[in-house]
1. Is segment 57-101 best put as rounded, prolate or oblate by its Cα gyration tensor, with a ≥ b ≥ c the root eigenvalues, rounded for a/c under 1.5, and otherwise prolate when a/b is larger than b/c, oblate when not?
2. Enumerate the calculated ³J(HN,Hα) couplings along segment 94-111 in order (Karplus 6.51 cos²θ - 1.76 cosθ + 1.60, θ = phi - 60°), each rounded to whole Hz, writing x wherever the residue is Gly or Pro.
3. Let's see if you can work this out: charge +1 on each Lys and Arg Cβ, -1 on each Asp and Glu Cβ, no other charges. What is the dipole magnitude of the chain about its Cα centre, in debye to the nearest 20?
4. Expressed in whole Å with the largest first, what are the equivalent ellipsoid semi-axes of the chain derived from the C-alpha gyration tensor as the square root of 5 times each eigenvalue?
5. Total Lys pairs in the chain closer than 16 Å by alpha-carbon, pairs eight or more apart in sequence or interchain only?
6. Could you give me the ³J(HN,Hα) list for segment 38-50, computed from phi with Karplus coefficients 6.51, -1.76, 1.60 and θ = phi - 60°, whole Hz, x at Gly and Pro?
7. Along the charge dipole of the chain, which of Met61, Phe114, Leu127 sits closest to the positive end, that is, farthest toward it, with unit charges on the beta carbon of Lys, Arg, Asp and Glu (+1, +1, -1, -1)?
8. Is the C-alpha gyration tensor of segment 35-81 telling us rounded, prolate or oblate? Criteria: a/c under 1.5 is rounded; beyond that, a/b larger than b/c is prolate, otherwise oblate.
Amino acid sequence: MKNKISVYRVKLEKLTTYHLDYDAHSITKPDVAADIFRNYMDNFCSTDRENFVVMFLNTKMRIVGISTAHVGSLDASIVHPREIYTEALLHKAASIIVCHNHPSGDPTPSREDFSMTTILQEAGDLLQIPVLDHIILGEERFYSMKKNQDM
C-alpha cells in the first residue's frame, strides 16, 4: 500500500480595503497606530470582548495589512505566536505592531499582557520580524508599551 501526501497551497486572502481618514505614510508614533487600531476595531470588531489585532509593516514602516488575530472573552485573549507570525510571513512583513482592547475601558496592562509581549518579542527576534509596540486600547485612552519603556 502506498502512502498518500496531501498537497496544499497557502495564500493570503484580501477581505476588504480599509481606507484611512488621514494620510499615514509611515507609522512612527504610538498615537497614530492607536488611532488606526481604534478605527479598525470600531469598524471590524465586536469590542465587548478582547480583540487582538496585528498591523503588518514593510521596511519603510508603511502598513501592508491589518488583521484580527484572535477574539477572546470579556477579560482575556489567549494568543499564540504561531497565529501572529503565520500572518506576518504571509504579509511579508518587516515588523509588526500588536494591539488589543480592554472592554473594561482601563488600558492598564495586566501581568499576562507583559508576558504575551515578551513571548511575541522572542518569536519576532527568531524570525527577524520585530514587535515594535504593543498597544492596549481603553475607552478614551491607550497604553503603549514602547512609549512607557516596557519593551
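1. Prolate shape, in that a/c is at least 1.5 and a/b is the bigger ratio.
2. 8, 7, 9, 10, 10, 8, 9, 9, 10, x, 5, x, 9, x, 4, x, 8, 4
3. Computed about the Cα centre, the dipole is about 1000 debye.
4. Values for the chain, descending: 26, 18, 16 Å.
5. 6
6. Once θ is set to phi - 60°, the couplings for segment 38-50 become 4, 4, 4, 5, 4, 9, 10, 10, 8, 7, 7, 10, 6 Hz.
7. About the Cα centre, the residue reaching furthest to the positive side is Leu127.
8. Oblate is the answer for segment 35-81, as a/c is 1.5 or above yet b/c matches or exceeds a/b.
The values are calculated or read from the model by the stated rules, or taken from the named source; none is laboratory data. Please read all numbers here as calculations on a predicted model, not as lab measurements. Heads up, the Cβs are rebuilt from the backbone with ideal geometry, glycines too, and the neighbour counts pull from every protein chain shown. In case anyone asks, the SASA skips ligands and DNA or RNA and just uses the protein heavy atoms, side chains included. Shrake-Rupley method; radii C 1.70, N 1.55, O 1.52, S 1.80 Å.
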